[in-house]
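*Asks:* Take this structure first; my questions come after.
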Amino acid sequence: MNFLNAILLGGAAASLAPLLIQLLNRSRVKTLPWGAMHLLETAILNNPRRIQWSSLPLLLIRCLLPMLFALALARPVLTHLKLPGAQAERSLLLMLDDSFSMDATASVEAPNVSLLEQAKQELRTLARRASSAELSVWTTGAQPADPSLKSSFQSQRIEAAITAVPGGNASNQPVRSMLYGLQQLKSMSNPNRQLILASDFQASDWHLASSNLPAQLANSDFAAVKELLNAENAEYQLLLMPILPRQPSGNLSVTNISENLSAIRMGESHTVAVRVTNHGRQTVSDVRLIFSVNGQELSSRSLSLPAGSGERVEFACEFTQLGWHTTAVCVEDPSAIRSDDCAYSILCVTQPPAVWLVDQTGGQPAFSGASRYLQLALAPFTAGDSQTNPFRVRVIASQQLTAEDLKRIDVLVLAGIARLEDREAEAIEQFVASGGCLILFAHDSLDTSWANHRWSEQQQLLPMRFAAIHTSPVDQPTRLGSESLDVETLGHLSVPYSGLEQIELLKWMELIPHGGQPEEESTVFLKLADGQPLLVGRKHKEGFVVQCAISCADDWSNLPLRPIFVPLMRSLADILNDRAILHRTLSPGEPIELRAKSLVKKPVEKPVEPGRIRLSRTLSHSEPAEWFEVPWNNVRTVFTQTWRAGLYQIEDARGATAADIEPRMFIVSPSPSESQIGSLNRDELEALAQKLGATLINSAEDYFDSEQIRRNGQEIWRPLLAAVLVLLFLELFVQQRLTRGAT
Amino acid sequence: MQPLRGSLWISQAANFLQSATGHSMLTPQEHESISKLQYFARHVVEGVTVGRHRSAHKGASVEFKEHRQYTRGDEIRSIDWKLFGKTDRLFIRQYEDETNLRSMILLDQSGSMAYEGSRSNFSKHLFSVRLAACLATLFIWQQDAVGLATLDTELREIIPPRRKPSHLQMIFRALVTSKTGGETRLSAALQQAARQLKRNGLLVLISDCFDHVEDVMTALRYFRHTGSEVVVFQIWDADELDFPFRHRTQFRSLESASHVRLVDPNSLRPAYLQRVAAFRQQLSRATAQERIDLVHCTTDQDFTDILSAYLSRRSSLA
């Protein structure tokens, strides 16, 4: 134990004063003539020892009082609480929870101060006061707050980086962020390494459904964090700083639950369905939802939501112009968390895609050859290029295939070919490589050795290799099972009366994986009950190839005669046509590839800097857009700043070859779990800290207090002063007791 | 005339005795004290006796009360011969009896009676003197004979009971001149008094009774056996009852200067109070057993209250 003001310990001598006073009092005795001596004598005989002991506690208290007071003034420090190595310089990694749940207000008294601002304030204080420490700032999006600033000894730069964190991150990965942060700490120079996480500790982020930590926390990231922290020679210290709202606030969220359609035809009626959820504890009445298309308000609706309930709301619209359109359903008055107040969707109104069927088996008359059923399914009405048909279908011979012609079409179907000339095959390979879609059906006349050699072994174009032909007896045909369809892509076809179980196969070609190629890259759209693939698709370069193990004619199976054939083929064609635009709804943080491809042409109106693309992010119509600039090399680039929810649009570009960069717009949807506001309670936080081997701190001030103890030991003048106060009351009490006894 | 002459003779004899035993004549201060005492006693007794009636005893007096039938053994002279002439039956005339109560006040003037507490205006002895004066006045006003005896280690002064109002002067003078001192030997002094006071009557003991209860009761029991009625006024100072002292105190005995005790009152208080309670209880039980009237008095009490309470009790007993 050390004393900061050791000289004041001399004050402890004052404890002798009560003793001296007592002794003086003892020597100053009053003499009293007394009559009832015989009664006094008897009392003395019966009670000889109490004369000496009754006033001792009071004397003891009075002696202790000045002694403890002097001790408190001397500011004693318990040095055994000092940690070895705590004196060393620090490397501090400040981790800021920038998820959109931090947009909630900290308290009712200060509605303009969000939890994020409060957390920033605490971290700025930490950065400012942590002199000579090496500092780094990360967000819980598992990335540095400022990618150009890994770490710094200049607290001003760190403070600026903290201030610049925009917040509203739609994805929150605190455990992974901690793992990355600890790895970053390892590369920092000072030996005393600490990671401080300022967060609202949403239960959903920590996978906490109840007060107990469930097994989900034992994931690999969590285990890695624990391993790093609990290692014997652990150099890290993890500190958790909960930034919690004083009162739980409510929140409204709007989630898009529309059918996953990206491309629709002109004139088709389209329904946008959203789910509005009240996450608060009170009923919300007269919530006005605004439905807008391309930023223009189209309609609105009011509804009331009881606490904790949700309601499906639908808006219908119709598009009369080709091209990309955005729809938005927003809550008119912003709720506690603004990032989930709007649900966007992007739609592409297109002309019917151009599909060419290459059939060497058919003749000139219509409805003949292997592709006849396919032609009927895709263009049932009149001639192939009629606007009323969903697809513009044309049947051609393989000799007509040229690379130049193929640039005009979307999907190429090889329905009944034996083998192709090298020129034709090259044209098709070029078509696929540049983003075209190819469907290859098996057929009796198909030269599988050629196909395997050229498109499996040489070009790796096909998802799988063709193998032997399997046959079934006519009286015992092979049937498809109820789980034959790929749920993700064709699940909507798996409905009763679709005729899936009535499909009978007499013949099919076995598809086997390529040697040494992982099978995961292929998507099995249709399979037999025993798992044998019948319809397999795979991305090849910029394009997509679908391989079918059966013929599209009725000589191998009765599939063309079954009701499911038409929707199956149309869906397949749609999937291939929409392939490039399927992934316009991104998860937060998911990078998106911007590339030059003329799906929709739109002339650039404003000249901008060459080699740059400007993107805007719109969260809601009531907020200003955020702007990004991305370097552009005329071919492709990857945009990675997709952490915040909203609608991202390419506003203008320069240096682009055709000024049409795909995708021109995309959506980042927030994680629905973040909308459910609910922080861990104190017990859960302590359980989490215990599980992680972390320390809970309440504020920056708290941090420096604990650091003071770690570095110098614990000052104990406060408890001593409290003891003095207690003794004062005790002295009063004892004195009162003695006085009461005297009277 | 006889009684007058007798009382005059006794008064003169007392004065002679006083001068013979070396007592000086009364000083002016003592005269003044007597006057004050007399005034005080009269004032108190007047207050006490307002509305009270005369003695309920029947006996020899001039005031006829009633007739009763003659029984054998009655005095012949009491027969109402006129009534015999009218009724041919023997009746005895009965008259209002003049009280023949002989009261003797025994005043304890031992050293312990000199204690004067912090909360009362006078010592236990002075309180006892005033109480004795009041009682003597009361008795004389009731036409009872009253006497006084002072005692400490032994019987000091005896004034025989007389009924005359002028007798009060002698009693007052004895009271005024009484001085405290000496060790308490109440039992011995009482036994001495019992030997000298032959006639029965009312014996009033004014004392703190700081002696062995058994010894005191032995002496008092003698009076009871001789047919005397005994009343004990036990005098306490409030300090003796609650022991209010806080600081360390050296208690010096009022009866023996060498007897000194240094104690911490705070720690001793419970035991002392317990002892006082036990002493009072023992005395109460013993007096009740002997049918002795015990009146507890503290020096801060009002005399009127004490006498009223005492008289009420006596009335209820009668």
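The values are calculated or read from the model by the stated rules, or taken from the named source; none is laboratory data. On a predicted model such as this, the values are computed, not experimentally measured, just so you know. Glycine gets a Cβ as well: all are built from the backbone with ideal geometry, and neighbour counts include every protein chain shown. Remember, those area values only see protein heavy atoms, side chains included, never the ligands or the DNA or RNA. Shrake-Rupley method; radii C 1.70, N 1.55, O 1.52, S 1.80 Å.
*Asks:* Sorted by accessible area with a 1.4 angstrom probe, largest first, how do A:I21, B:I159, A:I257 fall?
*Replies:* A:I21, A:I257, B:I159
*Asks:* Provide the buried accessible surface between chains A and B in square angstrom, both chains summed, 1.4 Å probe, rounded to the nearest 100.
*Replies:* On the way: alone 36300 and 18060 Å², together 51520 Å².
Chains A and B together bury roughly 2800 Å² of accessible area.
*Asks:* Quick check: the distance between the Cα centres of segment A:399-421 and segment B:246-303, to the nearest angstrom?
*Replies:* First find each Cα centre; the distance between them is then 133 Å.
*Asks:* I've got another one for you. Return the long-range amide H neighbours of A:K507 (sequence gap of 5 or more, or a different chain), with a cut-off of under 5 Å between placed amide H atoms.
*Replies:* Counting only residues 5 or more places away or on other chains, the set is A:S472.
*Asks:* For A:R246 and A:E483, FRET efficiency with R0 = 45 Å and r from the beta-carbon atoms, rounded to 0.05?
*Replies:* E between A:E483 and A:R246, to the nearest 0.05, is 0.30.
*Asks:* Classify chain A: rounded, prolate or oblate, from the alpha-carbon gyration tensor (a ≥ b ≥ c, eigenvalue square roots; a/c under 1.5 rounded; otherwise prolate if a/b is larger than b/c)?
*Replies:* In terms of gyration-tensor shape, prolate.
*Asks:* Taking the Cα centre of chain A as origin, work out the dipole magnitude from +1 charges on Lys and Arg Cβ and -1 charges on Asp and Glu Cβ, in debye rounded to 20.
*Replies:* Rounded to the nearest 20 debye, it is 3700 debye.
*Asks:* Right, next: Solvent-accessible area of B:L83, probe 1.4 Å, all protein chains present, reported in Å² to the nearest ten, please.
*Replies:* Looks like 40 Å² after rounding.
*Asks:* Ok, one more. Quick check on segment B:214-261: take the gyration tensor over C-alpha atoms, sort the square-rooted eigenvalues as a ≥ b ≥ c, and tell me if it's rounded (a/c under 1.5), prolate or oblate.
*Replies:* It is prolate, given that a/c is not under 1.5 and a/b is the larger ratio.
*Asks:* Quick one: length gained pulling A:D447 to A:T640 fully straight, 0.36 nm per residue minus the C-alpha distance? Let's see the in-between values first.
*Replies:* Details: separation 193, 0.36 × 193 = 69.48 nm, distance 4.49 nm.
That pair, A:D447 and A:T640, stretches by 65.0 nm at full extension.
*Asks:* What is the Rg over Rh value, at two decimals, for segment A:141-186, using alpha-carbon atoms and the Kirkwood definition of Rh?
*Replies:* Details: Rg = 11.2 Å, Rh = 11.5 Å.
Value, to two decimals: 0.97.
*Asks:* Amide H of A:S299 versus every other amide H placed in the peptide plane: which residues, excluding those fewer than 5 positions away on the same chain, fall under 5 Å?
*Replies:* Residues meeting the criterion, in which the H sits 1.01 Å from N, are A:F291.
*Asks:* Here's something else I'd like to know. What percent do you get for the relative contact order of segment A:273-313 when only Cα pairs under 8 Å and 6+ apart count? Display every interim value, and only then the final one.
*Replies:* Numbers: 70 pairs, mean separation 22.3, N = 41.
Taking the mean separation of contacting Cα pairs over the length of segment A:273-313, I get 54 percent.
*Asks:* Now for a separate question. Please work out the FRET efficiency for the pair A:A224 and A:A468, using the Cβ-Cβ distance as r and a Förster radius of 35 Å; give the result to the nearest 0.05.
*Replies:* Working: r = 48 Å, r/R0 = 1.36.
The formula returns an efficiency of 0.15 here.
*Asks:* Residue by residue, what Karplus-based ³J(HN,Hα) values in Hz, rounded to whole numbers, does segment B:224-229 have, using 6.51, -1.76 and 1.60 with θ = phi - 60° and x for Gly and Pro?
*Replies:* Whole-Hz 3J(HN,Hα) from phi for segment B:224-229: 4, 5, 7, x, 7, 8.
*Asks:* Find, among the trypsin sites (Lys or Arg not before Pro) in segment A:1-42, those assigned to loop by DSSP (not H, G, I, E, B) with at most 12 other beta-carbon atoms within 10 angstrom.
*Replies:* Filter output for segment A:1-42: A:R28.
*Asks:* Pairs A:K407/A:K541; A:K507/A:K527; A:K30/B:K124; B:K124/B:K198: which exceed 18 Å Cα-Cα?
*Replies:* Numbers: A:K407/A:K541 16 Å; A:K507/A:K527 14 Å; A:K30/B:K124 22 Å; B:K124/B:K198 29 Å.
Exceeds cut-off: A:K30/B:K124; B:K124/B:K198.
*Asks:* DSSP beta bridges in chain A, what fraction antiparallel, as a percent rounded to 5?
*Replies:* Rounded to the nearest five, the antiparallel share is 65 percent.
*Asks:* Quick one: Karplus J couplings for segment B:267-278, per residue in order, coefficients 6.51, -1.76, 1.60, θ = phi - 60°, nearest Hz, x for Gly and Pro?
*Replies:* Whole-Hz 3J(HN,Hα) from phi for segment B:267-278: 7, 8, 3, x, 5, 5, 4, 5, 5, 4, 4, 5.
*Asks:* Averaged over peptide B:108-119, how many Cβ atoms belonging to another chain are found within 10 Å of each residue's Cβ? Could the numbers behind the result be given before it?
*Replies:* Numbers: counts 0, 0, 1, 3, 6, 1, 2, 5, 2, 1, 1, 0.
Across B:108-119, the average partner-chain Cβ count within 10 Å equals 2.
*Asks:* Right, next: Using 0.36 nm per residue, how much length does the chain from A:D555 to A:A307 gain when fully extended, once their Cα-Cα distance is taken away?
*Replies:* Stretched fully, the A:D555-A:A307 segment lengthens by 83.3 nm.
*Asks:* Can you compute the helix-only [θ] at 222 nm over chain A? Use -39500 (n - 2.57) per DSSP H run of at least 4 residues, normalise by all residues, nearest 500 deg cm²/dmol.
*Replies:* For chain A, the value works out to -7500 deg cm²/dmol.
*Asks:* Now for a different question. Roughly speaking, what is the centre-to-centre gap between segment A:463-478 and segment B:118-147 when only Cα atoms are used, to the nearest Å?
*Replies:* Each part's Cα centre sits 143 Å from the other's.
*Asks:* Using θ = phi - 60° and the Karplus relation 6.51 cos²θ - 1.76 cosθ + 1.60, list the HN-Hα couplings for segment A:702-719 in order, rounded to whole Hz, with x at every Gly or Pro.
*Replies:* Rounded to whole hertz, the list is 4, 4, 5, 4, 5, 5, 4, 5, 5, 7, 10, x, 9, 7, 10, 5, 5, x.
*Asks:* Give me a single rounded figure for B:271-280: the average over its residues of other chain Cβ atoms within 10 Å of their Cβ.
*Replies:* What the average comes to for B:271-280 is 5.
*Asks:* Which GluC sites (Glu not before Pro) in segment A:309-360 pass both tests, a DSSP loop state and at most 16 other beta-carbon atoms within 10 Å?
*Replies:* Values: sites: A:E311, A:E314, A:E318, A:E332; in loops: A:E332.
Counting only loop positions with at most 16 other Cβ atoms within 10 Å, the GluC sites (Glu not before Pro) in segment A:309-360 are A:E332.
*Asks:* So which aspartates and glutamates pass the test for B:K36, namely a Cα distance under 18 Å, with those fewer than 8 places away in the same chain ruled out?
*Replies:* List returned: B:E46, B:D302.
*Asks:* Tally Lys and Arg at +1 and Asp and Glu at -1 over the other residues with C-beta under 14 Å from the C-beta of A:E89: what net charge comes out?
*Replies:* +1
*Asks:* Between A:R408 and A:R288, what is the FRET efficiency for a Förster distance of 51 Å, r being their Cβ-Cβ separation, to the nearest 0.05?
*Replies:* Taking R0 as 51 Å, the efficiency between A:R408 and A:R288 is 0.65.
*Asks:* Please state the relative contact order of segment A:514-566 as a whole percent: Cα pairs under 8 Å, 6+ residues apart? List each step's numbers first, then the result.
*Replies:* Working: 56 pairs, mean separation 10.3, N = 53.
Computed over segment A:514-566, the figure is 19 percent.
*Asks:* OK, next. For A:M67, A:M569, give me the order by solvent-accessible area with a 1.4 Å probe, most accessible first, ignoring ligands, DNA and RNA.
*Replies:* Output order, biggest surface exposure first: A:M67, A:M569.
*Asks:* Once you place label points 7 Å from the Cα toward the Cβ at B:R42 and B:Q69, how far apart are they in nm?
*Replies:* Placing both labels 7 Å along Cα→Cβ, they lie 5.1 nm apart.
*Asks:* Go through B:66-79, A:707-720 and give me the packing order, highest mean Cβ count within 10 Å leading. Intermediate results must be reported in sequence, preceding the final value.
*Replies:* Numbers: B:66-79: 10.6, A:707-720: 16.6.
Highest-to-lowest ranking by the protection proxy: A:707-720, B:66-79.
*Asks:* Between A:M266 and A:Q476, how many nm apart are label points set 7 Å from Cα along the C-beta direction?
*Replies:* About 5.6 nm separates the two model spin labels.
*Asks:* Segment A:530-558 to segment A:146-186: how many Å between their Cα centroids?
*Replies:* Answer, in whole Å: 48.
*Asks:* A 32 angstrom limit on the alpha carbon distance is what I want to check against. Which of A:K539/A:K691; A:K150/A:K226; A:K186/A:K691 exceed it?
*Replies:* Violating the 32 Å Cα-Cα cut-off are A:K539/A:K691.
*Asks:* Contact order normalised by length for chain A, with contacts defined as Cα pairs under 8 Å and 6 or more residues apart; what percent is it?
*Replies:* Reported relative contact order: 14 percent.
*Asks:* Over chain A, with the other protein chains present, what is the accessible area per residue in square angstrom, probe 1.4 angstrom? Each step should come with its number before you reach the end.
*Replies:* Values: 34800 Å² over 743 residues.
Computed with neighbouring chains in place, this is 47 Å² per residue.
*Asks:* Moving on to the next point. In nanometres, what is the gap between the two model label sites at B:D215 and A:T163, each 7 Å from Cα along Cα-to-Cβ?
*Replies:* Going by the 7 Å Cα→Cβ label model, 10.2 nm.
*Asks:* Hey, got the average number of other protein chain Cβ atoms within 10 angstrom for residues in B:239-247?
*Replies:* The shielding value for this peptide is 4.
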